[in-house]
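Before any comments, here is the structure.
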Amino acid sequence: MTLLSQTQAARAPAQAAGITPPVSGDWRAPARVRLGTLNNLRWLAVVGQATALLFVRIMLNFDFQLVLCSTVVAASAILNVILAIGFPSSKRLTVREAAAFLAYDTTQLAALLFLTGGIENPFALLFLAPVVVSAATLNVKNTLFLGGLTFVAIALLAYDHVPLPWNSDVPLRLPPLYQFGIVISLILGIGFTSVYAFRIADEATRMSAALTATQLALAREHRLASLGGLAAAAAHQLGTPLGTIALVARELERELAASAHGDDFRLLRAEAERCRAILTQLAQPEESVLGQTERLPLGALLDDIAAPHRGVDVTIVIDVQAGTAPNVWRVPEVLHGLGNLVENAADFAAREVRLRARWDDKELRVEVVDDGPGFAAQIFEQIGEPYVTSRPRRGSLEKAGVPHYGKQEGMGLGFFIAKTLIEQTSGTLIARNRSEGGAVVTARWPRGAIDGEAAPRREFQL
């Protein structure tokens with residue numbers, strides 16, 4: 001079974017664990033933020049606002065409405081205390097709840113700025129914070145809502161506000177054109193940082209989900225390998241008592257054949273023989289026998305990998321360099337990393353897939369070549385990224401007159417998983433299209449990485 005199949009089997013527990021890209025716009029869906037996180041950020045804002053107010057009043061001796069400003073700051077402190085008493089800090093907020101709290105923070109900041117100079121106040125830059133947090137943790141709809149709310153707040157503050165606290169002898173008056181520039185810079189800054197934060201958070205989430213799916217698939221393969229060894233050991237241990245049972249049943253059948261229980265003894269012996277046959281199959285399946293060989297010549301390893309994908313419609317050719325082939329460690333990362341590539345090539349090939357093995361003193365190279373449609377030009381630079389399909393979809397090819405290419409369409413994880421597993425063994429993976437049609441995927445390892453005296457490192461790290 002290849003890791004592409006393993007990945008499909010791993011999708012169910014992966015999705016149950018919540019490792020799918022968060023694209024839902026449901027306001028009841030959980031946001032990627034806890035209540036404690038927003039509360040801590042609000043406490044930071046409260047401390048910063050209180051410090052700034054006291055510094056301006058005491059140290060700079062500027063006159064402004066300190067009582068009203070302190071009331072606005074105290075409202076956030078009271079809200080935090082109520083939330084801390086009523087809910088655990090580990091509470092996972094829904095999208096609506098998180099958006100409501102961020103909207104409150106925006107409104108509270110707008111009220112404080114109204115009393116302290118509006119957009120002329122340098123701390124108007126803090127309007128970026130709630131929108132950026134939303135872009136990193138919520139969906140697009142709520143981020144647009146908070147962005148719109150912030151835009152309205154900026155426009156109202158530009159239109160009307162209490163004058164900026166300043167020296168009463170020389171009042172500060174910013175030109176209208178300069179204030180307009182501040183408004184534009186705030187809007188552009190919020191837009192740029194929000195888009196940037198959204199893209200980074202989305203990419204990080206997708207990468208984490210894809211790596212988790214890879215880890216699940218690889219862990220499942222290790223469990224299956226262990227299960228195969230356990231089955232073989234159990235079959236070996238049960239063989240002796242079953243042999244004794246069969247022997248006794250045979251003696252009883254011979255001595256008491258004419259008795260009323262003769263048929264029962266014959267049935268007992270037949271079932272014992274059947275159990276022995278089943279245990280023999282468990283003890284010596286093809287995979288278990290092959291699994292006893294920790295290292296294989298490169299050509300034999302490629303033939304083992306290609307065997308499950310050979311069919312009547314696609315021919316798989318093994319092309320190994322002349323000479324003594326290096327012995328490669330038969331580890332799941334190599335088996336299923338290359339197995340994914342072979343399965344993908346066989347799925348899109350028209351007639352033939354060729355596995356080319358070459359090596360020299362510096363590196364070992366395996367090329368998977370097919371005569372299919374090749375990689376789609378529009379996503380070629382993204383090949384190897386999770387959730388990016390590596391070939392054109394069947395519908396688009398059929399519309400172009402290309403018949404029956406692409407028997408499978410997955411989540412765009414196959415190439416990513418192969419790349420991740422091969423890199424775990426110090427290898428690299430490069431894909432390109434052939435000028436005559438088809439694709440070539442090349443896996444390279446430095447000599448000794450998978451054919452050295454020690455087996456490649458098997459610890460998978462996220």
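The values are calculated or read from the model by the stated rules, or taken from the named source; none is laboratory data. The structure presented is a predicted model; accordingly, all values stated were derived computationally and were not measured. Positions of Cβ are generated from backbone atoms using ideal geometry, with glycine treated the same way; all protein chains shown enter the neighbour counts. The area values use the complete protein model at the heavy-atom level, side chains included, leaving out ligands, DNA and RNA. Shrake-Rupley method; radii C 1.70, N 1.55, O 1.52, S 1.80 Å.
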- Query: From the list Leu227, Leu290, which residue is within 30 Å of Gly337 (Cα to Cα), in a helix (DSSP H, G or I) and either open to solvent by 70 Å² or more (accessible area, probe 1.4 Å) or at pLDDT 70 or above (or both)?
  - Reply: Leu227
- Task: Determine, yes or no, whether Ala455 is over 26 Å from the mean Cα position of the chain (by Cα), aliphatic (A, V, I, L, M) and modelled with pLDDT under 90.
- Result: yes
- Across region 71-122, what is the total count of residues that are among the polar types (S, T, N, Q), within 40 Å of the chain's Cα centre (by Cα) and open to solvent by 40 Å² or more (accessible area, probe 1.4 Å)? 3
- Task: Write out, first by first residue and then by second, each pair whose Cβ atoms fall under 7 Å of each other, whose residues are 6+ apart or on separate chains, and whose first residue, in region 254-269, is closer than 20 Å to Gly243 by Cα while the second is open to solvent by 90 Å² or more (accessible area, probe 1.4 Å) and not in a loop (DSSP other than H, G, I, E, B).
- Result: Arg269/Arg250
- Task: Just one of (1) within 30 Å of Ser185 (Cβ to Cβ); (2) part of a helix (DSSP H, G or I); (3) more than 37 Å from the chain's Cα centre (by Cα) trips up Asp63, so point out which.
- Result: (2)
- Message: I'd like the full set of residues that are out of contact with any Gly (no Cβ under 9 Å at 6 or more places or on another chain), open to solvent by 10 Å² or more (accessible area, probe 1.4 Å) and part of a loop (DSSP other than H, G, I, E, B), limited to region 328-352.
- Response: Arg351
- The listed residue being assigned to a loop (DSSP other than H, G, I, E, B) and either more than 18 Å from Thr442 (Cα to Cα) or at pLDDT 90 or above (or both), out of Asp319, Asp304, Asp313: Asp313
- Message: I want to confirm something. Restricting to region 166-190 and keeping residues that are surrounded by 14 or more Cβ atoms within 10 Å (Cβ to Cβ) and within 17 Å of Val152 (Cβ to Cβ), which single residue is farthest from the chain's Cα centre (by Cα)?
- Response: Gln179
- Query: Using beta carbons and a limit of 9 Å, which pairs, at least six apart or on different chains, have the first residue in region 427-456 and in contact (Cβ under 8 Å) with a residue 40 or more places away in the chain and open to solvent by 70 Å² or more (accessible area, probe 1.4 Å) and the second one part of a strand (DSSP E or B) and of a type in the set (Phe, Trp, Tyr)?
  - Reply: Arg447/Trp359
- Return the pairs, sorted by first residue and then second, in which the second residue is open to solvent by 50 Å² or more (accessible area, probe 1.4 Å) and not in a strand (DSSP E or B), the first residue lies in region 320-331 and is over 13 Å from Pro456 (Cα atoms), the beta carbons are less than 8 Å apart, and the residues are 6+ apart or on different chains. Pro326/Arg447
- Query: When you go through (1) of a type outside the set (A, V, I, L, M, F, W, C); (2) under 20 Å from Ala204 (Cβ atoms); (3) modelled with pLDDT of 90 or more one by one for Thr116, which number turns out not to apply?
  - Reply: (2)
- Message: For region 353-392, give me the residue count where each residue is of a type outside the set (A, V, I, L, M, F, W, C), modelled with pLDDT under 90 and surrounded by fewer than 19 Cβ atoms within 10 Å (Cβ to Cβ).
- Response: 6
- Which of (1) open to solvent by 60 Å² or more (accessible area, probe 1.4 Å); (2) closer than 17 Å to Asn40 by Cα; (3) of a type in the set (A, V, I, L, M) does Leu125 not meet, given it meets every other one? (2)
